[in-house]
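See below for the structure under consideration.
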Amino acid sequence: MNFDYFYGEQSEQYAFYRTPKVFYTDERFRGLSSDAKTVYGILLDRVSLSVKNGWSDEEGRVYVYMTVSSIEEAMGCAHQKACGLLAELDEFGLIARVKQGLGKPDRIYVKNFIQVWNSNLQKYENHTAEDMKIIPQEVWKSASNNTDKNNTENSDTYPILSGITGDKDMDERHSYRDYLYERLEMELLYVQYPYDRETLDSIMELMLDVICSKRKMIRIAGDDKPVNIVKAQFLKVNNSHIGYVMDCMKKNGTKVRNIKQYLLAAIYNAPLTMESYYQAWVNNDMAEGRL
């Protein structure tokens with residue numbers, strides 16, 4: 001390939017994963033592989049998406065979703081290597097994983113190691129040279145690495161300094177895919193509808209199209225609605241709602257001319273109409289003596 005040179009501010013056109021520079025300057029991380037550092041950067045990038053969507057536990061700790069298959073795709077590696085990279089980050093204490101049950105992706109907590117490190121440094125910042133003799137070696141080495149005369153190494157937040165580029169929109173879509181996979185309990189749906197796996201996958205992809213859409217308006221049942229309203233409604237959808245949509249499709253006796261528009265309307269309306277639909281169904285069965 002024959003790539004062009006950079007001119008002026010053209011380098012600003014790229015999106016970057018945030019890989020802390022300290023990974024490459026501090027001896028504590030010398031044993032961390034380059035691939036593991038990259039995966040940490042990808043996970044760290046997803047933290048902002050989790051914050052935006054309120055993905056935190058009862059203690060306010062932010063977590064992200066990233067399946068092993070997503071790591072395989074992002075890193076271009078095999079399943080065993082992807083599992084090994086997560087295990088490596090776990091061993092270094094840079095992430096914590098919480099299992100969610102069979103078929104569901106783990107919650108991954110990305111650890112804020114800088115906060116702990118800075119607090120340790122602050123304890124010793126007023127010590128004299130004589131006092132430094134009793135300070136743990138790993139602490140004063142870290143301090144000396146961040147006192148260059150030109151202050152180029154010193155940063156409260158350790159800025160983005162990796163050269164790894166990535167498509168931010170695709171990364172956002174991967175994050176939402178992992179989130180929907182868990183929320184919709186796709187593995188359970190595959191069991192419930194064993195002959196409709198392709199339809200279920202299409203429904204999830206359609207939901208992703210809407211949630212990640214950059215358009216201002218989306219047409220639902222003939223009406224143009226603001227994309228943020230539709231997105232918020234789609235994020236309410238759960239496993240039961242998808243089951244409801246599947247049941248409605250199977251019971252629909254009329255020919256559907258535009259399946260995409262039909263599904264958009266069905267998914268959007270599911271949280272609003274499912275309860276009344278099943279209640280009417282129960283009432284009908286009671287009236288006919290079937291309950």
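Residue 205 meets each of the listed conditions (1) loosely packed, with under 14 Cβ neighbours inside 10 Å; (2) closer than 24 Å to residue 108 by Cα; (3) modelled with pLDDT under 90 apart from (3). Scanning region 219-230 for any residue that is in a loop (DSSP other than H, G, I, E, B) and in the same structural domain as residue 263 (by TED's automatic domain parsing) turns up at least one such residue.
For region 243-279, filtered to residues that are among the basic types (Lys, Arg) and part of a helix (DSSP H, G or I), the residue that is modelled with the highest pLDDT is 260. Against the conditions (1) at pLDDT below 90; (2) in a helix (DSSP H, G or I), residue 43 satisfies every one except (1). Criterion applied to 213, 202, 240 was being among the small types (Gly, Ala, Ser) and part of a loop (DSSP other than H, G, I, E, B), and the one residue passing it is 213. Residue 49 meets each of the listed conditions (1) closer than 21 Å to residue 171 by Cβ; (2) buried (at least 17 other Cβ atoms within 10 Å of the Cβ); (3) modelled with pLDDT of 85 or more apart from (3).
The values are calculated or read from the model by the stated rules, or taken from the named source; none is laboratory data. If you're wondering where the values come from, they're calculated on a predicted model, not measured in any experiment. FYI the Cβ positions are ideal-geometry reconstructions off the backbone, even for glycines, and counts take in every protein chain you see.
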